Amino acid sequence: MAVTTMIGARIQRREDPKLITGHGNFIDDVNLVNMAHMSIVRSPHAHARIRSVDTSAARAATGVVAVLTAADFKSVILGPLPVSNSFVADKKQVPEQFPIAADEVAYAGEPVAVVVAEDRYLADDAAQLVVVDYEPLPAVMDIEKAMEPGSPLVKSDRPDNIGWDAPFPAGDIDAVFAEAEIVIKQRIGQQRLFPTPMETRGCVADYVPYDNRVTLWTSTQVPHFVRLFVGGALGVPESQFRVVSHDVGGGFGSKIRPYPEEYLATAASKITERPVKWIEDRTESLQATTHGRGQIFDAEVAANRDGTLLGLKFTQLLDIGAYHGVFSAFQVVACLLGGGCYNWKAINARSIGVFTNRMSTDPYRGAGRPEATHLVERMVDLVAAEIGMDPAEVRRKNFVTTFPHTNNFGLVYDSGDYAKSLDRAMANIDYAGLRKRQADLRAQGRYTGIGFSTYVEICGLGPSAATAPAAGVALVESSMVRVHPTGSVTVSVGTHSHGQSHETTFAQITADALGVPYDSVEIHHGDTGDTPFGYGTYGSRSLAVGGMAIMASCHKVVEKAKKLAAHAFEASEDDIVVDQGRYFVRGNPAESKALAELAFASYGAGLPEGMEHGLEAVSYFDPPNFVWPFGCHICAVEVDVETGAVTIDRYVAVDDCGNVINPMVVDGQLHGGIAQGISQALFEEVQYDDETGQMLNGTMLDYLIPTMAEMPRFELDRTVTPSPTNELGVKGIGEAGTIASSIAVINAITDALSPFGIKHVEMPARPDRLWSMIKEARA
Amino acid sequence: MPQQVALTINGRRREDYVEPRLLLVHYLREVAGLTGTHIACDTSQCGACTVLVDGEAVKSCSVFTVQADGKRVTTIEGLAEDGTLHPVQQAFWNEHGLQCGFCTPGFIMAAAYLLQQNPSPTDEEIERGLEGNLCRCTGYENIRKAVRSASAAMSGMAESRDLVGSVAAPVED
């Protein structure tokens, strides 16, 4: 019998035909009859008291349907935005954020008024006519000054600017540092970043007054979350609130929260009795869509001169922004992963979340793990440089080698082979040859460098046993698998793709699990009207958790199909063999039935006694553990010491995400992930004025998103170490590239500049920064 | 005051009255109903709105509709001919040159224009030719591959076809 395994096959994406011909259905493509357009008046101040809002001129403007302020929304939006903060058990402050400011604004871009008009041009025109009288207040921008007693407050009703302060001790850190031969201190920054999905946010809200029903189209990673919270705040039960998210033009973590505008558009639709559309422009997006990173790490490493790592101490100072993002506290995970893929006697971490008058930070691709990798890989390189040992050898000497491995904080690494990916990456880049070339070029006055990043990440969020106490939510995932009478299959899931290719890869899994043709499987997601409740797509969880939920439903379908086959063949269920979707009695494969035939029978007459009609199943999957992808990235750069410009000569990556469903998709995820890490290392940084809190680079003209010319070729390879914690043996790959790459680049630059006595380079390593450092070192 | 314009879009002529300030991209999306052309930056960096005006790649967010009066416009919806994908479209599909797909129409239009101008570009010429387009998903690796692969596919064709039936002849003033 021919093997028709879809899992592991490089098949082209079924998402693509519509997208390459202009027939995608993104949020701005949704148009309803009688639809009005919403424009938002936002605070130009980082911090100010609102004395008054005069809407009279705007109300009188052409085409205006309504001009609304906080007072108008008060009776319609009954609750604040959600925050998941129980991740932090210790001191914490959780101020509520309402979707629109009433009397005090706390970041530039906070909504103050809403204009609804006949078209977007008229809405924007009228928004200019809303007059807000502000009394500017001091902007709190520096996270260290904000922590000081007596600092001005981010908002006047708060006791201080501390969002959380949580210690994470593991082991006797003082004893370990006391016995160490060397101790090295380093401050390491993680600048703020714009996630910058190419499609900005937007939504279309349609409130039907007669029966209190809402349909909300929105560009989100989490349609069920949006329904839960926006519906809750507006007093509409889930059964009457449908959230639809068709094609989503990227998210990278910035679309995992219910946002103020989703509440405002829905409420505005209720008030005006019109469908209301809001499409974010790019400057709004940069101001008012969550940012990533925004952290400072003060770290100390203890080691011996033979390269043995002993202990790590660090404090994470995290710029929360004015309000918590929904998962801002998740980024504390950097503390728990700060040890990376090495053995340590003790780690002592502390996370302090600090409010500032900026937009909220929330998870951005990697969310805490890129920061952890950057931290530990930087510190390991500092040790290597101090003791004069090859950075690869320091890593190899300290790798965790036995699995499952319980790290210092009790997290269990499922499987891995860190030396294998290191060896393969070194072979692929010809490490010895590269070092020789480096020496040759240095003799000619050229400065090249080689940077390592050996990483492990936590994915597949997450087991309810861990996530419920930590984050207040059980991050399980759901599926419904329905086999129709003539054998086609609908799979509905609670996750939601925004570029990850789930329609293709989930169909590959289903085809194999049910033994049906790939083309007969249809994946539904993004519409709460026809999918079971799910927590959405982020944290590299959709395959390891959502994919397993599909497997669970497929198993139930197969079990029922076996009963149907036993009945049809008048045999015992124990004697039914299932092979590639054919059901037959053991020993008699010639007489078999396909799943489609059994499905047809399941909807007909003459079923076994007591059996219900139909062939379908619903499942929720709660993973037994997280999954732990890992790998090794090596970057080779040249720095032009006269200009400070960095050229990436080679970028080699060996990643291990366990079993692979579709290698083409996995490689694509890595390309994009690596690009975002490189971009953080070299280019990107959200800049605010330190005094006024004004955003200084709030357009794509000013914020550097790299073009094709700035990106190197990616030389990818992989090892395959299946996860033992799920049947598919999968881990996750959406964030791995970003988690690994920023530090590979920075370590390479630092290596290149080591002849100048430069030991550490901050991000972004822009030419001006490097040029100044080189100039200073030469002086 | 609305002004009358007449454009030929994907080979079909239409006449409309539009406000002078209406951007071409909004006209295409909201008046002509062709939503394949996207808006992503508002400041002409990203190229998601790239269309062809009289055969030349143009960012339609930086053109008023009235400036396109009398011209021929090709959008992503008009690139495939008789149900056959343009080689650049096919190559983006084959090479996984897209993930979320939002920047893709602009990239495909810009790449199709590039290959019409320069059927066998070097990697550097591809990078220069597409420097006006931004993608946040792919790291550009597979976009570069797709353009190379489209170039190879097109060089195998007897005659490089026009981007649209209507592009070849320059517009008479």
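The values are calculated or read from the model by the stated rules, or taken from the named source; none is laboratory data. Computed from a predicted structure; not experimentally measured. As a convention, Cβ positions derive from the backbone with ideal geometry for all residues, glycine included, and neighbour counts pool all protein chains shown.
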Any chance the range B:105-121 includes a residue that's in a loop (DSSP other than H, G, I, E, B) and facing chain A (nearest Cβ under 9 Å)?
no
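Give A:VAL230, A:VAL243 a once-over and let me know the one that is among the aliphatic types (A, V, I, L, M), within 25 Å of the chain's Cα centre (by Cα), over 30 Å from A:ILE296 (Cβ atoms) and in a strand (DSSP E or B).
Just a single option satisfies the conditions, and that option is A:VAL243.
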With the requirement that a residue be surrounded by 18 or more Cβ atoms within 10 Å (Cβ to Cβ) and within 14 Å of A:LEU682 (Cα to Cα), what does the range A:639-648 give you?
A:VAL639, A:GLY644, A:VAL646, A:ILE648
Candidates A:ASP211, A:ASP174, filtered to the one that is at pLDDT 95 or above, of a type in the set (Asp, Glu) and out of contact with any Lys or Arg (no Cβ under 8 Å at 6 or more places or on another chain)
A:ASP174
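Among the candidates A:ALA681, A:ALA636, A:ALA675, which residue alone is within 13 Å of another protein chain (Cβ to nearest Cβ), surrounded by 24 or more Cβ atoms within 10 Å (Cβ to Cβ) and either out of contact with any strand residue (DSSP E or B) (no Cβ under 8 Å at 6 or more places or on another chain) or in a strand (DSSP E or B) (or both)?
Only one candidate qualifies: A:ALA675.
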Does B:ASP123 satisfy being over 17 Å from the mean Cα position of the chain (by Cα), modelled with pLDDT under 95 and among the acidic types (Asp, Glu)?
no
I'm trying to understand the selection: among the residues of the range A:5-17, which are within 8 Å of chain B (Cβ to nearest Cβ) and of a type outside the set (Asp, Glu)?
A:GLN12, A:ARG13, A:PRO17
For the range A:157-214, which residues satisfy the criterion of being touching a Gly at 6+ places or on another chain (Cβ under 6 Å) and either within 14 Å of chain B (Cβ to nearest Cβ) or among the acidic types (Asp, Glu) (or both)?
A:LEU193, A:PRO195, A:PRO197, A:MET198, A:GLU199
Can you pull out every residue in the range B:58-103 that is facing chain A (nearest Cβ under 7 Å), in contact (Cβ under 8 Å) with a residue 24 or more places away in the chain and within 17 Å of A:GLU15 (Cα to Cα)?
B:ILE76, B:GLU77, B:PHE92, B:ASN94, B:HIS96, B:LEU98, B:GLN99, B:CYS100, B:PHE102, B:CYS103
Does B:THR37 fit the bill of being within 30 Å of A:GLN221 (Cβ to Cβ), touching a Cys at 6+ places or on another chain (Cβ under 6 Å) and part of a loop (DSSP other than H, G, I, E, B)?
yes
The range A:279-297, subset assigned to a strand (DSSP E or B) and within 14 Å of chain B (Cβ to nearest Cβ), residue surrounded by the most Cβ atoms within 10 Å (Cβ to Cβ):
A:GLY292
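When the range A:606-633 is examined, which residues are found to be in a loop (DSSP other than H, G, I, E, B) and either crowded, with 24+ Cβ neighbours inside 10 Å or at positive phi (or both)?
Across the range A:606-633, the qualifying residues are A:GLY606, A:GLY610, A:GLY614, A:LEU615, A:PRO623, A:PHE626, A:TRP628, A:PRO629.
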Filter the range A:315-332 down to the residues that are in a strand (DSSP E or B) and not hydrophobic (A, V, I, L, M, F, W, C) and list them by number.
A:THR315, A:GLN316, A:ASP319, A:GLY321
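Applying the selection to the range A:85-119, what residues are outside any loop (DSSP other than H, G, I, E, B), surrounded by fewer than 20 Cβ atoms within 10 Å (Cβ to Cβ) and modelled with pLDDT of 95 or more?
Across the range A:85-119, the qualifying residue is only A:GLU104.
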What residue, among those in the range A:684-716 that are within 23 Å of the chain's Cα centre (by Cα) and over 20 Å from A:LEU193 (Cα atoms), is nearest to the other protein chains (Cβ to nearest Cβ)?
A:PHE714
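Please go through the range B:79-104 and give me each residue that is assigned to a loop (DSSP other than H, G, I, E, B) and more than 19 Å from A:THR707 (Cβ to Cβ), ordered by number. Give the steps one after another, and end with the answer.
At the first step, the residues of the range B:79-104 found to be assigned to a loop (DSSP other than H, G, I, E, B) are B:79-80, B:82-83, B:85-86, B:95-103.
Result: B:LEU79, B:ALA80, B:ASP82, B:GLY83, B:LEU85, B:HIS86, B:HIS96.
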Have a look at A:ALA565, A:ALA544 and point out the one that is hydrophobic (A, V, I, L, M, F, W, C), part of a helix (DSSP H, G or I) and in contact with a Phe, Trp or Tyr (Cβ under 8 Å, 6 or more places away or on another chain).
A:ALA565
Test result for A:GLY534, small (Gly, Ala, Ser), away from chain B (no Cβ under 14 Å), within 30 Å of A:GLU612 (Cα to Cα) and touching a strand residue (DSSP E or B) at 6+ places or on another chain (Cβ under 8 Å):
yes
Within the range B:1-54, which residues are free of Cβ contacts under 8 Å to residues at least 24 places away in the same chain, away from every other protein chain (no Cβ under 13 Å) and under 30 Å from A:GLY251 (Cβ atoms)?
none
Please work out which one of (1) in a strand (DSSP E or B); (2) in contact with a Gly (Cβ under 8 Å, 6 or more places away or on another chain); (3) not aliphatic (A, V, I, L, M) is the condition B:GLY47 fails and give its number.
(1)
Against the conditions (1) touching a Ser or Thr at 6+ places or on another chain (Cβ under 7 Å); (2) surrounded by fewer than 17 Cβ atoms within 10 Å (Cβ to Cβ); (3) in a helix (DSSP H, G or I); (4) not basic (Lys, Arg), where does A:PHE403 fall short? Just the number, please.
(3)
When the range B:81-96 is checked residue by residue, the ones that are surrounded by fewer than 17 Cβ atoms within 10 Å (Cβ to Cβ) and either within 22 Å of B:VAL58 (Cβ to Cβ) or in contact with a Cys (Cβ under 6 Å, 6 or more places away or on another chain) (or both) are B:GLU81
In the range A:387-400, what residues are surrounded by fewer than 19 Cβ atoms within 10 Å (Cβ to Cβ) and among the β-branched types (Val, Ile, Thr)?
A:ILE387
Among the residues of the range A:241-259, write down those that are within 20 Å of A:VAL30 (Cα to Cα) and more than 14 Å from every other protein chain (Cβ to nearest Cβ).
A:PHE241, A:ARG242, A:VAL243, A:VAL244, A:PRO258, A:TYR259
Options A:GLU371, A:GLU393, A:GLU386: the member that is under 21 Å from the mean Cα position of the chain (by Cα), in a helix (DSSP H, G or I) and more than 15 Å from A:GLY631 (Cα to Cα)
A:GLU371
A:GLU300 of a type outside the set (Gly, Ala, Ser), surrounded by fewer than 21 Cβ atoms within 10 Å (Cβ to Cβ) and modelled with pLDDT of 95 or more:
yes
Please note which helices (runs of 4 or more DSSP H) are completely contained in the range A:416-527 and include at least 2 residues that are among the basic types (Lys, Arg).
A:418-429, A:431-443
Looking at (1) modelled with pLDDT of 95 or more; (2) touching a helix residue (DSSP H, G or I) at 6+ places or on another chain (Cβ under 8 Å), can you tell me which one A:ALA71 breaks?
(2)
